[in-house]
1. Can you tell me which residues in the range 29-54 are within 29 Å of Asn115 (Cα to Cα), within 17 Å of the chain's Cα centre (by Cα) and not in a loop (DSSP other than H, G, I, E, B)?
2. In this structure, is Arg170 in contact with a His (Cβ under 8 Å, 6 or more places away or on another chain) and outside the structural domain of Leu51 (by TED's automatic domain parsing)?
3. Could you go through the range 69-92 and let me know if any residue there is assigned to a helix (DSSP H, G or I) and in contact with an Asp or Glu (Cβ under 9 Å, 6 or more places away or on another chain).
4. From the residues in the range 162-182 that are over 14 Å from Leu102 (Cα atoms) and not in a loop (DSSP other than H, G, I, E, B), which one is modelled with the highest pLDDT?
5. Filter the range 83-93 down to residues that are at pLDDT 90 or above and of a type in the set (Asp, Glu), then give me how many there are.
6. Can you tell me which of Cys87, Cys104 is surrounded by 12 or more Cβ atoms within 10 Å (Cβ to Cβ), under 16 Å from the mean Cα position of the chain (by Cα), of a type outside the set (Ser, Thr, Tyr) and over 19 Å from Ile39 (Cα atoms)?
7. Check off (1) farther than 29 Å from Leu24 by Cβ; (2) small (Gly, Ala, Ser); (3) not in a strand (DSSP E or B) for Gly122 and give me the number that stays unchecked.
8. Could you tell me whether the range 35-43 includes any residue that is charged (D, E, K, R) and surrounded by fewer than 17 Cβ atoms within 10 Å (Cβ to Cβ)?
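The values are calculated or read from the model by the stated rules, or taken from the named source; none is laboratory data. On a predicted model such as this, the values are computed, not experimentally measured, just so you know. Reconstructed Cβ throughout: ideal geometry from the backbone, glycine too, with neighbour counts over all protein chains shown.
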Amino acid sequence: MAVLIEGYSIVINKSQALKNQKALDTLGSVEGTLHPTAICSDKDLLRIGFLDLKQANEFLAALEGGGLVPSEDMVMLTQFGEQEVSCDWLTVQFTKLKDGTLICLANKASTGAINSIAMPKGWSLELSLLKRYYDERIHYMHEEYRLVREEPMHSVYKHNETGEEVRLLRLNLKEMEESELQ
């Protein structure tokens, strides 16, 4: 099984967290403050999603204060698969839903192939962190960057001041002819 990664997601290795009572107390203290659609878990991982990077970092700091160690016990990912620290116990990959929506998944590396996905209770694309985070990121990209070209899986932007190119994963993928692929 795997967990859905949306927005800024903090992924916690449950087996590590269960060894640390202080970390469990920290998680318990915020349980009622988190929106139900921000949380999902499988037997190995707990994922907590945020739209705001500041809030995600504050939560990460609280977990560190509770004794969890980044990269060993937990990691922060974005729904585009970005992560600041390497994490050998976690595998990140992308897949498409039936409607062509591209989603990011994380699973414990030792579990092997993914056969199902844990999603927040009552999850739907239109109300999801996935869509809201993507829409906010696109809005930011249009303010700071200009669209250069579209590729099968990415929209390519160039920064208005630095000229740096950035590839942003597209939320919805469409099937393309082989001649259109670059």
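1. Here is the first cut: in the range 29-54, the residues within 29 Å of Asn115 (Cα to Cα) are 31, 34-51.
From what is left, the residues that are within 17 Å of the chain's Cα centre (by Cα) are 34-42, 44-51.
Selection gives Pro36, Thr37, Ala38, Ile39, Cys40, Ser41, Leu45, Leu46, Arg47, Ile48, Gly49, Phe50.
2. Values: in contact with a His (Cβ under 8 Å, 6 or more places away or on another chain): yes; outside the structural domain of Leu51 (by TED's automatic domain parsing): yes.
So Arg170 fits the description; yes.
3. Narrowing the range 69-92 to residues assigned to a helix (DSSP H, G or I): none.
For the range 69-92, residues assigned to a helix (DSSP H, G or I) and in contact with an Asp or Glu (Cβ under 9 Å, 6 or more places away or on another chain): absent.
4. Within the range 162-182, the first condition is being over 14 Å from Leu102 (Cα atoms), and the residues that meet it are 162-167, 176-182.
Narrowing further to those that are not in a loop (DSSP other than H, G, I, E, B): 165-167, 178-180.
Values: Glu165: 94, Val166: 91, Arg167: 90, Glu178: 51, Ser179: 52, Glu180: 45.
Per the stated criteria, the residue is Glu165.
5. 1
6. Cys87
7. Tallying (1) farther than 29 Å from Leu24 by Cβ; (2) small (Gly, Ala, Ser); (3) not in a strand (DSSP E or B), Gly122 fails exactly one: (1).
8. Initially, the range 35-43 is screened for residues charged (D, E, K, R), giving 42-43.
With the extra rule that they be surrounded by fewer than 17 Cβ atoms within 10 Å (Cβ to Cβ), the set shrinks to 43.
Yes, because at least one residue in the range 35-43 is charged (D, E, K, R) and surrounded by fewer than 17 Cβ atoms within 10 Å (Cβ to Cβ).
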